[in-house]
Amino acid sequence: MLIVMDKNATPQQIDTVSQKVEERGYEARPIPGGDRVSICVLRNKGAVDASLFIGMAGVKEVIPVTRPYKLVRRESQSEDTVIRIGDIAIGNGHQTVIAGPCAIESETQALTIAALVKDAGAQMFRGGAFKPRTSPYSFQGLGVEGLKILAKVRDEFGLPVVTEVMDYETFDVVEEYADMIQIGTRNMQNFSLLRRAGRSHRPVMLKRGMAATIDEWLMAAEYIMEGGNVQVILCERGMRTFVHHSRNTLDLSAVPYVQKESHLPIIIDPSHAAGRRDQVIPLARAAVAVGAHGLMVEVHHQPDQALSDGAQSLFPDQFEALCRQVRHIFELL
Ligand code: PEP
Ligand code: MN
């Protein structure tokens, strides 16, 4: 860690910060620069808590130098992680397409969509049973009934299912039914949920928080891995920015960055990034071209009647086109 001092920091302030570093058992090595001094923190075994120094008199900023995530880091494991769910593999060298409605609305709806997405080439089925909705008046999902419908989809079509866990209390039941557990953008830093996911035997798909830095996201993954569950898949789903032409801004550069930093698989959800169906196919193509290990896409047989996220849900024929196009791109790569 580097503690960068203000240009006008006094020798007294530099000493005080250095002393505080040393009181923690680390070594403080002031490095004089052109117009300011930086204090390098050495001999720390684990991460140093930056908040100890931010706000001290004379401190301009605190820059972590060593990466705080250890298990997630590429250095901790030379081969890419590949996650296996039945016959499906997610990660290095594989291209996995997950599709289904935003929410499970009924058995007929789920089975109809599952048949369509399987035909088009989806390898996994998605659908929310517990839905995190902005408004308490919106459809909240079918709960356990929705999970039972997902189990039917798996039995009937042989598609493994992924569904979101919203809270600690319902983790056990979601874990019982899901082949892969999704932690949504709003829960990326729900630490008790992450710790519970760390004790799960199911693979966990961790979506990036809509305002999270990549470091925060990887640290959230570290929570799960630290708990003992090494089956983590990262999912970029768009960030909150100032634009109005899409619901979020898809951060495609996260893919090469994460692949440099980590051995974990990373997939892209173009549906929640776009928020509108006309952008989903182009973003999906870009995601595969940039090297994502897979896609998660919302599809509905009657998007106009969907109980959630209809505007971004593809019609089945569009999803079929998406699968065809991304297959070509993947083969080309
Ligand atoms: C979802 O996948 O249905 C969902 C709610 O996603 P996010 O957490 O990315 O908004
Ligand atoms: Mn949705």
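The values are calculated or read from the model by the stated rules, or taken from the named source; none is laboratory data. Nothing here was measured: the structure is a model prediction, and the numbers come from that model. As a convention, Cβ positions derive from the backbone with ideal geometry for all residues, glycine included, and neighbour counts pool all protein chains shown. These accessible areas exclude ligands, DNA and RNA; they are computed on the full protein's heavy atoms, side chains included. Shrake-Rupley method; radii C 1.70, N 1.55, O 1.52, S 1.80 Å.
The figures follow:
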quantity: Where Cα atoms sit under 21 Å apart: lysine pairs in segment 66-200 separated by 8 or more or lying on different chains; calculated: 4
quantity: Lys, Arg +1 and Asp, Glu -1 on Cβ, resulting dipole of the chain about Cα centre, debye, nearest 20; calculated: 620 debye
quantity: Under 5 Å, built H, 5+ apart or other chain: amide partners of residue 294; calculated: 96, 268
quantity: Dipole-positive endmost among 44, 232, 94 within the chain (Cβ charges, Cα centre); calculated: 44
quantity: Computed E for residue 327/residue 199 - FRET, C-beta separation, R0 30 angstrom, nearest 0.05; calculated: 0.25
quantity: ³J(HN,Hα), Karplus 6.51/-1.76/1.60, whole Hz, each residue of segment 14-25, x for Gly, Pro; calculated: 5, 5, 4, 5, 4, 4, 5, 4, 6, 4, 7, x
quantity: ³J(HN,Hα) computed for each position of segment 191-200 - Karplus, 6.51 cos²θ - 1.76 cosθ + 1.60, integer Hz, glycine/proline x; calculated: 5, 5, 5, 5, 5, 5, 4, x, 9, 7
quantity: Antiparallel %, DSSP beta bridges [both residues in the chain], to 5; calculated: 45 percent
quantity: With eigenvalues of the C-alpha gyration tensor scaled by 5 and rooted, the chain, Å; calculated: 42, 20, 19
quantity: Separation between Cα centres of segment 242-310 and segment 42-96, rounded to whole Å; calculated: 23 Å
quantity: Residue 285 accessible area, 1.4 Å probe, all protein chains in place, Å² to nearest 10; calculated: 90 Å²
quantity: Long-range HN-HN contacts of residue 39 with modeled amide H, under 5 Å; calculated: 3, 4, 5, 31
quantity: For residue 232, distant residues with modelled amide H under 5 Å away; calculated: 204
quantity: Top of 304, 317, 87 by mean-square fluctuation, Gaussian network on the chain, Cα under 10 Å; calculated: 87
quantity: Mean accessible surface per residue for the chain, computed with a 1.4 Å probe while every protein chain stays in place, in Å²; calculated: 45 Å²
quantity: Prolate/oblate/rounded label for segment 251-319 (Cα gyration tensor, a/c 1.5); calculated: prolate
quantity: Size of electric dipole in segment 207-302: Cβ of Lys, Arg +1 and of Asp, Glu -1, about Cα centre, debye, nearest 20; calculated: 400 debye
quantity: Within the accessible area of segment 164-303 (1.4 Å probe), percent carbon and sulfur; calculated: 53 percent
quantity: From phi via Karplus (6.51, -1.76, 1.60), per-residue ³J(HN,Hα) for segment 206-219 in Hz, x at Gly/Pro; calculated: 9, 6, 6, x, 5, 10, 9, 6, 5, 4, 5, 5, 5, 5
quantity: Accessible area in the full protein assembly, largest first, 1.4 Å probe, for 239, 124; calculated: 239, 124
quantity: 14 Å beta-carbon shell around residue 50, net charge (K/R +1, D/E -1); calculated: 0
quantity: Cβ crowding within 10 Å averaged over residues, with 215-225, 267-277, 71-81, 103-113 ranked highest first; calculated: 267-277, 215-225, 103-113, 71-81
quantity: Neighbour net charge for residue 210 - beta-carbon separation under 14 angstrom, K R +1, D E -1; calculated: +2
quantity: Evaluated at q = 0.16, 0.21, 0.22 Å⁻¹: base-10 log I(q)/I(0), Debye formula over Cα of segment 172-296; calculated: -0.74, -1.18, -1.26
